[in-house]
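The block underneath contains the structure these notes are about, expressed in structure tokens.
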Amino acid sequence: MSELSREWSEIRQTFQRIWGYEDLRKSQREIVASLLRGQDSLAIMATGGGKSICFQLPAILNEGLTLVISPLLALMEDQVRDLRSRNLPAATLHSNLTQTERREVLRNLPNIRLLYTSPETLLSQPVWEKLCDRQLKITGLMLDEAHCLVQWGDSFRPSYRRLGAVRSTLMQHKPDHHSRISLAAFTATADLDATAELQSCLQMENPHLVRTSPYRPHLGLKVEIAWTSAGRKSRTLKFIRDRKGQSGLIYVRSRSDAEKLAAWLRDNSLATEAYHAGLPPQERRHIEQQWLNNKYPFVICTSAFGLGINKPDTRWVLHFHPPLTLSEYIQEIGRAGRDDKPAEALMLVSEPTGLLDDSDRQRVNFFLQQQQNLQQQAQLLLPQLPRRGNFAEVTRGNPDAAIALGLLHRAGDLVWLTPFEYEIHNFSQKQKLKQTVGVQSAIRQMQDYIRVKGDRWAFLLNNFGFEEEAKLLLESNN
């Protein structure tokens, strides 16, 4: 800590005054210290570990603007609302703002310490031009929920793949600023492959790596077979009724699944709502608040729900359908038992043959087919892509081109010279795109978890790089 330009006691006093806690956790102190030194950081911290404070506190202590890149509108608004309630200068830019609101935020950038935005908005022309103003001091570039880059970066949200060129390009526009823009990525889940992918894609320079274990001894993990579709519903109904008065979450795989299950549970006299990314922002906000205030004991939701939302007394998480990956699973079960009191996570799965209910297998196959279709569409575009080009020109009216560029980047055959200019290396008319890295492997890991006979926590710890902790856990159980 002696390397810091200010005494740690001053940092701690600021933290106490704004957030009201006695002190930061050890992992938080490490990240705050590295960011105040200007060092890159990669923080893999269990859900509920206080990741946001790790970049919010340095942003308040430093001069200049810190950019926070976040995947979801609701997540941005929640954090900005919390910061403003503490009288901190924060704002968000997203597509739902009016033109007047957007202009006001951009005009006020010199007075803002934390600006939350998505990769797509960050790289939109009006926003980027303002950020490149040589008079605007930018201190930090923070990627929140960084696992989204690995999960979505080469298909659903290809703009994530362009983020690695943001820092160097911004610094080229600010020759008068001698301080370096610090770069950090934060996520609750990243195995060793995902960790390497984040460092490479974001062009991190010797990052300070902090990894905390996701293990929660008070959170019980169960997987149970639901033999039929009707059996899955009746098991869910019994589970909820046996936990009357307890707060929980039910995860499903799609918007229509959420709507149908919520309607069926309401028909069975249970107060609940469906939450998914297709709802208007006001409706999503209302459902969140109803759940946070215990008006709804539980919510039926897709993976869009829960990022950045903290309800410590959540006693259970029920997966009506199994998640596709272990990363999703760890994220979602991590929303239960944050108060360190007993909590449970139950996953319902089809019986192994799928003879009576093949819906789980159909969902996995549908997802894999989608990925394959994206791959094939992108492959057809390869001969049409200029070896060196501009993102906006190449992708105008053709979103498949953005996916093709993302897949080439992940394969190591493309570099982003700036977030807008690319160059393809080793290009040939017969070039083949490599298959999306890790998709099938990640699904296989989830299936292995479903079938595991031993300690489920030990299995998870092994898969996320905590082998020694997994070994000690197994020894203590014997």
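The values are calculated or read from the model by the stated rules, or taken from the named source; none is laboratory data. Just so it is clear, the structure is predicted and the values come from calculations on it, not from any experiment. Counting neighbours? That spans all protein chains shown, and the Cβs are built from the backbone with ideal geometry, glycine included. Please note that ligands, DNA and RNA were not included when accessible areas were found on the heavy atoms of the full protein model with its side chains. Shrake-Rupley method; radii C 1.70, N 1.55, O 1.52, S 1.80 Å.
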Next item on the list: Look at segment 26-65 and say how many of its residues are in contact with a strand residue (DSSP E or B) (Cβ under 7 Å, 6 or more places away or on another chain), within 13 Å of A185 (Cα to Cα) and of a type in the set (S, T, Y).
Entry: 2
Item checked: R102 being within 24 Å of R338 (Cα to Cα) and among the charged types (D, E, K, R) -> no
Next item on the list: Identify the residue in segment 241-251 that is at pLDDT 95 or above and not basic (K, R) and, among all such residues, is surrounded by the most Cβ atoms within 10 Å (Cβ to Cβ).
Entry: Y251
Check: Do we find a residue being of a type in the set (F, W, Y) and either in contact with an Asp or Glu (Cβ under 7 Å, 6 or more places away or on another chain) or surrounded by fewer than 17 Cβ atoms within 10 Å (Cβ to Cβ) (or both) anywhere in segment 124-137?
Finding: no
Check: What are the residue pairs meeting all of these: first residue in segment 157-179, first residue basic (K, R), second residue surrounded by fewer than 20 Cβ atoms within 10 Å (Cβ to Cβ) and assigned to a helix (DSSP H, G or I), Cβ atoms under 6 Å, and 6 or more apart or on different chains?
Finding: none
Checklist line | Any chance S41 is out of contact with any Lys or Arg (no Cβ under 8 Å at 6 or more places or on another chain) and closer than 28 Å to E332 by Cβ | finding: yes
Next item on the list: Return yes or no: is I403 modelled with pLDDT of 85 or more, over 21 Å from L326 (Cα atoms) and either out of contact with any helix residue (DSSP H, G or I) (no Cβ under 7 Å at 6 or more places or on another chain) or surrounded by 13 or more Cβ atoms within 10 Å (Cβ to Cβ) (or both)?
Entry: yes
Next item on the list: Quickly run through segment 352-366 and pick out the residues that are loosely packed, with under 15 Cβ neighbours inside 10 Å and out of contact with any helix residue (DSSP H, G or I) (no Cβ under 8 Å at 6 or more places or on another chain).
Entry: T353, L355, L356, D358, R361, Q362, N365, F366
Note to self: Six or more apart or on different chains, Cβ atoms under 9 Å: show the pairs whose first residue is in segment 439-461 and closer than 15 Å to D360 by Cβ and whose second is among the aromatic types (F, W, Y) and open to solvent by less than 20 Å² (accessible area, probe 1.4 Å).
What the structure shows: M446/Y329; Y449/Y329
Note to self: So E77 ticks every box in (1) at pLDDT 90 or above; (2) assigned to a helix (DSSP H, G or I) but one. Which box is left unticked?
What the structure shows: (1)
Item checked: Selection status of R103, open to solvent by 60 Å² or more (accessible area, probe 1.4 Å), in a helix (DSSP H, G or I), more than 22 Å from P58 (Cβ to Cβ) and basic (K, R) -> yes
Checklist line | Lone qualifier among A277, A336 - being of a type in the set (G, A, S), over 22 Å from F239 (Cβ atoms) and either open to solvent by 40 Å² or more (accessible area, probe 1.4 Å) or at pLDDT below 95 (or both) | finding: A277
Check: Quick one: would you say K233 is in contact with a strand residue (DSSP E or B) (Cβ under 6 Å, 6 or more places away or on another chain), open to solvent by 50 Å² or more (accessible area, probe 1.4 Å) and in contact (Cβ under 8 Å) with a residue 12 or more places away in the chain?
Finding: no
Item checked: Candidate set from segment 280-302 (those that are open to solvent by less than 40 Å² (accessible area, probe 1.4 Å) and part of a loop (DSSP other than H, G, I, E, B)); member that is modelled with the lowest pLDDT -> T302
Margin query: Of everything in segment 446-468, what is touching a Leu at 6+ places or on another chain (Cβ under 8 Å) and in a helix (DSSP H, G or I)? Give them in sequence order.
Written below: M446, Y449, R456, W457, A458, L460, L461, N463, E467
Note to self: I need a count of the residues in segment 22-61 that are within 26 Å of N108 (Cα to Cα), part of a loop (DSSP other than H, G, I, E, B) and open to solvent by 30 Å² or more (accessible area, probe 1.4 Å).
What the structure shows: 0
Note to self: I want to confirm something. Restricting to segment 168-205 and keeping residues that are of a type in the set (D, E, K, R) and under 15 Å from the mean Cα position of the chain (by Cα), which single residue is modelled with the highest pLDDT?
What the structure shows: E197
Checklist line | The lone exception for T189 - which of (1) open to solvent by 40 Å² or more (accessible area, probe 1.4 Å); (2) under 30 Å from V166 (Cα atoms) it fails | finding: (1)
Margin query: For segment 110-120, give me each residue that is open to solvent by less than 70 Å² (accessible area, probe 1.4 Å), out of contact with any helix residue (DSSP H, G or I) (no Cβ under 6 Å at 6 or more places or on another chain) and not in a loop (DSSP other than H, G, I, E, B).
Written below: L115, T117
Item checked: Residue identified as touching a helix residue (DSSP H, G or I) at 6+ places or on another chain (Cβ under 9 Å), over 17 Å from R444 (Cα atoms), aliphatic (A, V, I, L, M) and open to solvent by 90 Å² or more (accessible area, probe 1.4 Å) among L380, L374, L385 -> L380
Checklist line | Number of the exception - A442 against (1) outside any loop (DSSP other than H, G, I, E, B); (2) modelled with pLDDT of 85 or more | finding: (2)
Item checked: The one condition in (1) under 21 Å from G245 (Cβ atoms); (2) open to solvent by 10 Å² or more (accessible area, probe 1.4 Å); (3) part of a loop (DSSP other than H, G, I, E, B) that R315 fails to fulfil -> (3)
